[in-house]
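What follows draws every value from the coordinates through simple rules; no lab data is involved. A quick note: this is a predicted structure, and the numbers were derived from the prediction, not measured. Note: ideal-geometry Cβ built from the backbone for every residue, glycine included; neighbour counts use all protein chains shown.
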Amino acid sequence: MLQALREIEGGIQLSLNVAARAPRLRVAPIFESFLRQVYFTGVTAATGVVLRACGLGVIIIAVMMDMLDADVDLAVKILLLLVFREIGPLAAAVVVILRTGTAVSAEMAMMRVSGQTRALRYMGIDLYDYLVLPRVAGIMLATAALTLYVQFLAVLGGLVLSPFVIEASFTELTDRLFDLFAPVDFYYSVLKSLLFGFAIAACCCWHGLNPPDLTQNAVPKAVTRAVTQSAMLVLLINAVFAYLVFGILFFGLVKAPA
Amino acid sequence: MTELAVRYRRKTARHEVQAAVPKGAVTRMHVPDDDAKAHLVTAVLKARCEPGEELELFGESAAGLPPPRRERLRARVGAVSPIVGLITNLNAWENIALPAAYHGAPPLEQVAMLAHEVLAAFGAQPRHFLARIPDELGMLERKMAAFVRSLVTAPELMVFDALEDGLSYAECRHAARFEAEYRARQPQGTVLYVDTREDS
């Protein structure tokens, strides 16, 4: 219980510190570190998700069509509600946790255990400035970009390949998509993915900088905790966010009309 | 009376360590063990003393110093020490330039010039040397990178902590030239070598 409270308190402190130091991103080595993080999290992960994202759209459409015997309208609604709003940000968050979360927490725990964080402090370099801020900002931005990329590919995959599964043409599906698409879908997913990125980065940085002890064995322990808690945080944010933003309206839309 | 750069005292149940390092001099200290060495070097680098320790740096007592003054004192100290190792995911140049880039001074062109001069003086090929990460550098090369990094801030006190640890005889002769290189740049500077009695 005490450990959990300590982690919550640490997470809040870290988040406040990062928010207060945002202007420090202009400092050259911090900005370089930020760009490196965006590249690692966003660019190098992008190629790996192309097939998965396309497959995601098709599988969801195919399964839903088969189960619900749906028409074009429902197919596009499913693409928007499920793929765009929910699965897209979640899929991107999973990729970020697995690729970046593990790397960041392991790197930081290693730096802490080997005394490199101490060396930074001796050089008068603030750990929040140099290690935490660029990672949190970089991961937030990259998660949002990756989410948009996954959404685009999943929806495109769904639109291109669905005609092979259901009786609807590509143009029919695309026209309906543009009819039903609302800007709120875009804002909702961007905001949610930024929050996901923030939660993942803050959680992984905190566990990386606070390993259970200062031995080599602490590194895998810190990574395990970071990844598990990041995943739980993402699921929690997803549930709370969906309830707060859309509430009954959101769930009502999924219901089949009476 | 001789002006002191460092006055340090730490008494434990097992031993007592005392240091009085005159300004501008070269002082060699042999402390009883690694723990005592770590305490001494940490206290000097942090400009902070723990309970049971007494420390004066450049005539100022480190006890109860306000943070800005402590920072100013710390900026006057440089070290080649395992306590202030290199950052493993940055190459040698990024390691050397990091403090200057972060604090905004001195200009990076000046740092680059200094790095090239010092590395060339030690017979290293600067372009090749600076592009490598610490894991690709030998022990002497890592100490050279740490030495150049500490020279960047033009410290008034240079601490060489276990400088010869892990070096071959030939490499030790190379490392012995660090002091002359420091002297050439800081003629009034103070040099403190710290080692454990077992090593010396």
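Counting only other chain Cβ atoms within 10 Å of each residue's Cβ, the peptide A:29-37 averages 2.
Largest GNM mean-square fluctuation across A:Leu79, A:Leu194, A:Leu51, computed for chain A with C-alpha springs under 10 Å, falls on A:Leu51.
Please state the charge dipole magnitude for region B:4-196, taken about the Cα centre, from unit charges on C-beta atoms (+1 on K and R, -1 on D and E), reported in debye and rounded to the nearest 20.
It comes to approximately 480 debye.
The stretch between A:Glu172 and A:Leu235, if pulled fully straight at 0.36 nm per residue, gains 19.3 nm over its current Cα-Cα span.
In plain terms, the bigger the Kirkwood radius, the slower the diffusion; for region B:64-151, with that radius from Cα pairs, at 20 °C and 1.002 mPa s, Stokes-Einstein puts D at 157 µm²/s. The modelled label-to-label distance for the pair B:Ala176/A:Phe186, using points 7 Å beyond Cα in the direction of Cβ, is 7.1 nm.
Comparing A:Glu172, A:Glu107, A:Glu86 in a Gaussian network model of chain A where C-alpha atoms under 10 Å apart are linked, the largest mean-square fluctuation is found at A:Glu172. Each distinct pair of alpha carbons in chain A adds a 1/r term; the inverse of their mean, the Kirkwood radius, is 19.6 Å.
Scoring A:222-230, A:142-150, A:210-218 by mean Cβ neighbours within 10 Å over their residues and listing the highest first yields A:142-150, A:222-230, A:210-218. Taking B:His116, B:His128, B:His174 in turn, the Gaussian network model of chain B (Cα-Cα springs below 10 Å) assigns the largest fluctuation to B:His128. Counting Cβ atoms of other protein chains within 10 Å of each residue's Cβ and taking the mean over peptide A:114-122 gives 6. Can you compute log10 of I(q)/I(0) for chain B with the Debye formula, treating each Cα as one identical point scatterer, at q = 0.09 Å⁻¹? The Cα Debye sum returns log10 ratios of -0.33. Computed as a quarter of the hull surface, the mean projected area of the alpha carbon convex hull for region A:8-106 stands at 9.1 nm². Once the Cα-Cα distance is subtracted from the 0.36 nm per residue extended length, the A:Asp179 to A:Phe164 segment shows a gain of 3.2 nm. In region B:107-179, the C-alpha radius of gyration followed by the widest Cα-Cα span (Dmax) gives 12.1, 36 angstrom.
When Rg is the radius of gyration of the Cα atoms in region A:148-209 and Rh is its Kirkwood radius, what does Rg/Rh come to?
1.21
Across the options A:Tyr130, A:Val96, B:Val80, the greatest Cα extent toward the positive end of the charge dipole of the protein assembly as shown (unit charges at beta carbon of Lys, Arg, Asp, Glu) belongs to B:Val80. Once the C-beta distance of B:Ala112 and B:Tyr169 is scaled by a Förster radius of 41 Å, the resulting FRET efficiency is 0.80 to the nearest 0.05.
Site pair B:Ala184 and A:Thr47 shows an inter-label distance of 4.6 nm when each label is modelled 7 Å from Cα along Cα→Cβ. So what does log10 I(q)/I(0) come out to for region A:81-139 at q = 0.25, 0.29, 0.30 Å⁻¹, using the Debye formula with one equal point on every Cα and no solvent? Values, matching the q order: -1.01, -1.14, -1.16. Shielding value for B:93-106 is 3, the average number of Cβ atoms from other chains within 10 Å of each residue's Cβ. Only Lys, Arg, Asp and Glu carry charge here, each on its Cβ (+1 for the first two, -1 for the last two); on that basis the protein assembly as shown has a dipole of about 1120 debye about its Cα centre.
Its residue count N sets the reference 2.2 N^0.38 Å, and the alpha-carbon radius of gyration of the protein assembly as shown equals 1.26 times that reference.
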